[in-house]
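Can you read through this structure? Questions will come right after.
Nothing in this text is a laboratory measurement; each read-out follows from the coordinates by a stated rule. In this text, all values refer to a predicted model and were calculated from it rather than measured experimentally. Methodologically, a virtual Cβ is constructed for each residue, glycine included, from the backbone with ideal geometry; neighbour enumeration extends over all protein chains shown.
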Amino acid sequence: MRKNMIAGNWKMNTTLSEGLALAKGLNEALKDKTLKCNVVIGTPLTHLASVVAAIDTTKIGVAAQNCADKEKGAYTGEVSAAMIASTGAKYVILGHSERRQYYHETAEILKTKVIQALANGLTPIFCIGEVLKEREDGRHFDIVDEQIKASLFDLSPEDFGKLTIAYEPVWAIGTGKTATAEQAQEIHAHIRQTIATQYGATLAENTTILYGGSMNAENAKDLVAKPDVDGGLIGGASLSVEKFLPIVEAF
């Protein structure tokens, strides 16, 4: 059975002390709640070990926002999947549209990052999605298919089954625009069908697919009510317990 999830992506925000305060605040807010979804926070790399030590990791998972595509070596400034795993973090966000756009991460690089993450026991939250021009040209289905196939379809069924997919309509990130619940359902169902063509209906049905386009307290319930929307990858709203908590409670 696939799992519901609300994952926060803090991006390049918060100092260590600010991040610890945010994580502890969320931890306190969730302490006495019975959760109906997995909750994950994607902190800056500098925060990982401190945040893991400061919260109840049976209630909140911790994610890195990236990892290197190399195992180890002379790669100044890079952080390997093994290093991330050693902090106690259990997840890593890969293929985010900002990484693809600003740092030119190709399908081949991302394939290698996924392999590194899985080899070190991390759960990749793998991001796919189209920009506005691709949506307007009616190419959104083709774009997500290309991204999935190029980076993920060489995985064994066992390894693919460890992934979480996050669909990001790039045109709806930080713009205030949001895909309607119907648009989200349509493309999530398409993604699930694409997975089924490679790995079969059972594995596709068990794959968690998150919506990553400006989910907030106002639209979360409508989005997660859709049968193929299993949660969200949350940006700005994850930087505030008051904004993030209602999204978790949408389940």
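Can you confirm whether residue 203 is without any contact (Cβ under 8 Å) to a residue 60 or more places away in the chain, crowded, with 23+ Cβ neighbours inside 10 Å and among the hydrophobic types (A, V, I, L, M, F, W, C)? Break it down into steps so the answer makes sense when it comes.
On the way: without any contact (Cβ under 8 Å) to a residue 60 or more places away in the chain: yes; crowded, with 23+ Cβ neighbours inside 10 Å: no; among the hydrophobic types (A, V, I, L, M, F, W, C): yes.
No, not satisfied.
Related question: Just the residues that are closer than 22 Å to residue 9 by Cβ and acidic (Asp, Glu), please, taken from region 156-203.
168
Would you mind listing the strands (runs of 3 or more DSSP E) fully within region 74-186 where at least 2 residues are over 20 Å from residue 228 (Cβ atoms)? Lay out the reasoning, then the answer.
Details: elements: 91-94, 123-128, 164-167.
The strands (runs of 3 or more DSSP E) meeting that bar are 91-94.
Here's the yes/no breakdown for (1) surrounded by fewer than 19 Cβ atoms within 10 Å (Cβ to Cβ); (2) within 20 Å of residue 142 (Cα to Cα); (3) in contact with a helix residue (DSSP H, G or I) (Cβ under 9 Å, 6 or more places away or on another chain):
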position	(1), (2), (3)
162	yes, no, yes
179	no, yes, yes
195	no, yes, yes
217	yes, no, yes
231	no, no, yes
235	no, no, no
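Of the residues 22, 26, 48, 35, which single one is surrounded by 14 or more Cβ atoms within 10 Å (Cβ to Cβ), more than 30 Å from residue 78 (Cβ to Cβ) and not hydroxyl-bearing (Ser, Thr, Tyr)? If you could, list the steps in order and put the result at the bottom.
Details: 22 fails: more than 30 Å from residue 78 (Cβ to Cβ); 26 fails: more than 30 Å from residue 78 (Cβ to Cβ); 48 fails: more than 30 Å from residue 78 (Cβ to Cβ).
Matching residue, one of 22, 26, 48, 35: 35.
Determine which member of the set 14, 58 is assigned to a loop (DSSP other than H, G, I, E, B), more than 18 Å from the chain's Cα centre (by Cα) and within 13 Å of residue 238 (Cβ to Cβ).
14
Here's something else I'd like to know. Inside region 233-251, can you point out the residues that are within 15 Å of residue 11 (Cβ to Cβ) and either free of Cβ contacts under 8 Å to residues at least 12 places away in the same chain or not in a helix (DSSP H, G or I) (or both)?
At the first step, the residues of region 233-251 found to be within 15 Å of residue 11 (Cβ to Cβ) are 233-240, 243-244.
Those that are within 15 Å of residue 11 (Cβ to Cβ) and either free of Cβ contacts under 8 Å to residues at least 12 places away in the same chain or not in a helix (DSSP H, G or I) (or both): 233, 234, 235, 240.
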